[in-house]
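Peer 1: First the structure, which I've put down as structure tokens, then a few questions once you've had a look.
The values are calculated or read from the model by the stated rules, or taken from the named source; none is laboratory data. This one's a predicted model, so the numbers in the text were calculated from it and none came from an experiment. Every residue, glycine among them, receives a Cβ derived from its backbone with ideal geometry; neighbour counts consider all protein chains shown. Note: accessible area is taken over every heavy atom of the protein model, side chains too, but ligands, DNA and RNA are not part of it. Shrake-Rupley method; radii C 1.70, N 1.55, O 1.52, S 1.80 Å.
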Amino acid sequence: MKRLLLFLLAIIFLLSMTACGGYNGIMREHLSNEDNYYDLDAIFCSYKKVDDRIYLYVTVEDKSAFDSSESNKEELRLELVGDNCDVLGECLANNEMREGDKLAVKCSTWIYMDSTFYYIAEIKSGEKTFLSFDDGLKNIIKYIGNNKSLF
């Protein structure tokens, strides 16, 4: 009986650990809804590639779409995931975006649990579209669908 109880506790522990590594239903629903993405006028500051993500650091004048904790930060960290990294990675490597460039960005501004989901779905500079909203949102949906949590 003790072995069975220990086995069940071990299974529950393992399942709870794996549930934290993906996107649950609430996250997938929110990030898949195009109404949850906001237009921002931003100034490009820098970027950083970390593992399978690219973080864009930008400044924006109007931070009203973001949580109040962002109002004191000089730069916002927006995130590219999945195939959107491939699309923008090449542009960034070729210096098509430079510090000080004005960008039109469409991103989510959602904080869920203890994480920010400032995912970029569209990015433009002047007449040039680096990532269209249709493609960007499709890539985000694909990424979160491929990385579902158990619960």
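Peer 1: Looking at the stretch 97-114, which of the residues that are over 16 Å from SER132 (Cα atoms) and either of a type in the set (Lys, Arg) or open to solvent by 70 Å² or more (accessible area, probe 1.4 Å) (or both) is modelled with the lowest pLDDT?
Peer 2: Out of the qualifying residues, it is ASP114.
Peer 1: Another question, then. Going by what's in this entry, would ALA121 be described as modelled with pLDDT under 95 and in contact with a Phe, Trp or Tyr (Cβ under 6 Å, 6 or more places away or on another chain)?
Peer 2: When the stated conditions are applied, ALA121 does not pass them.
Peer 1: Every residue in the stretch 13-32 that is at pLDDT 90 or above and touching a helix residue (DSSP H, G or I) at 6+ places or on another chain (Cβ under 9 Å), please.
Peer 2: Within the stretch 13-32, TYR23, MET27, ARG28, HIS30, LEU31, SER32 meet the criteria.
Peer 1: Yes or no: the stretch 61-78 includes at least one residue that is of a type in the set (D, E, K, R), over 22 Å from LYS102 (Cα atoms) and either at pLDDT 90 or above or within 13 Å of the chain's Cα centre (by Cα) (or both).
Peer 2: Within the stretch 61-78, none of the residues are of a type in the set (D, E, K, R), over 22 Å from LYS102 (Cα atoms) and either at pLDDT 90 or above or within 13 Å of the chain's Cα centre (by Cα) (or both).
Peer 1: Residues of the stretch 129-145 being in contact (Cβ under 8 Å) with a residue 12 or more places away in the chain and open to solvent by 40 Å² or more (accessible area, probe 1.4 Å), which ones?
Peer 2: Hits for the stretch 129-145 are ASP135, ILE141, LYS142.
Peer 1: Could we say that GLU90 is touching a Phe, Trp or Tyr at 6+ places or on another chain (Cβ under 8 Å) and loosely packed, with under 14 Cβ neighbours inside 10 Å here?
Peer 2: The answer is no for GLU90.
Peer 1: Looking only at the stretch 36-86, count how many residues are open to solvent by 20 Å² or more (accessible area, probe 1.4 Å), within 16 Å of LEU137 (Cα to Cα), assigned to a strand (DSSP E or B) and touching a helix residue (DSSP H, G or I) at 6+ places or on another chain (Cβ under 7 Å).
Peer 2: Total meeting the criteria: 1.
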